[in-house]
Amino acid sequence: MSERTFVMLKPDALERGLIGEIVGRLERKGLRPTRFLWRVLSPELAARHYERLAGKSFFSELIDYVTRGPVLASIWEGREAVAVVRALVGATDPVKAAPGTIRGDLGLDCTENLIHASDSPESAEREIALFFEEE
Ligand code: IDP
Ligand code: MG
């Protein structure tokens, strides 16, 4: 059954010129993009997006990172899209992410790990609403 998920290329991915590399991996898997949005996140939007992590020691570092330059937010569709994209992305810490995954192949820093992808269909709908359906 087709499903949709939310993907955000974080500022380091754009700074390093990795849009084509990362978007290409999702496309080659067979997923289809339906929306793209290039924007600089406000600290308020970043904090709402990551509100579940508000108590963590790295929270302010995370907000500074994701607001320091533009991100590329997107919506992707396909069979089991949420789980498929999470598998392509790899573990949160790129040192632990398996080779062959986006973070495993392209990243090294635990905070600056290139990409966000929704962790459940419920998160995907919440994040799509936050980025694409509110103003
Ligand atoms: P995820 O992006 O793999 O879903 P989350 O636990 O949702 O991981 O964390 C959101 C983001 O916060 C991560 O992608 C990473 O940028 C940052 N982060 C998570 N855990 C740590 C940590 O232990 N140290 C530093 N940054 C972290
Ligand atoms: Mg997460």
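The values are calculated or read from the model by the stated rules, or taken from the named source; none is laboratory data. What you are looking at is a predicted structure, and each value in this text was computed from that prediction instead of being measured. Positions of Cβ are generated from backbone atoms using ideal geometry, with glycine treated the same way; all protein chains shown enter the neighbour counts.
Tell me, please, whether a residue that is free of Cβ contacts under 8 Å to residues at least 40 places away in the same chain and within 19 Å of A129 (Cα to Cα) can be found in the stretch 20-38. Yes, the stretch 20-38 has at least one match. Each residue in the stretch 111-127 was checked for being more than 10 Å from ligand 2 (Cβ to nearest atom), buried (at least 18 other Cβ atoms within 10 Å of the Cβ) and part of a helix (DSSP H, G or I), and 1 of them qualify. Filtering the stretch 49-57 for residues that are closer than 26 Å to T34 by Cα, surrounded by fewer than 20 Cβ atoms within 10 Å (Cβ to Cβ) and either more than 15 Å from ligand 2 (Cβ to nearest atom) or modelled with pLDDT under 95 (or both) leaves an empty set. Scoring S74 on the criteria (1) away from ligand 1 (no atom under 11 Å from the Cβ); (2) of a type in the set (G, A, S); (3) out of contact with any Phe, Trp or Tyr (no Cβ under 6 Å at 6 or more places or on another chain) leaves a single failure, condition (3). Checking S74 against (1) away from ligand 2 (no atom under 15 Å from the Cβ); (2) surrounded by fewer than 18 Cβ atoms within 10 Å (Cβ to Cβ); (3) closer than 18 Å to F6 by Cα: exactly one of these is not met. Which one? Status for S74: all satisfied but (2). Of all positions in the stretch 19-39, none carries a residue that is within 16 Å of ligand 2 (Cβ to nearest atom) and at negative phi. Filtering the stretch 89-102 to residues that are in contact with a Ser or Thr (Cβ under 8 Å, 6 or more places away or on another chain) and part of a helix (DSSP H, G or I) leaves only V89.
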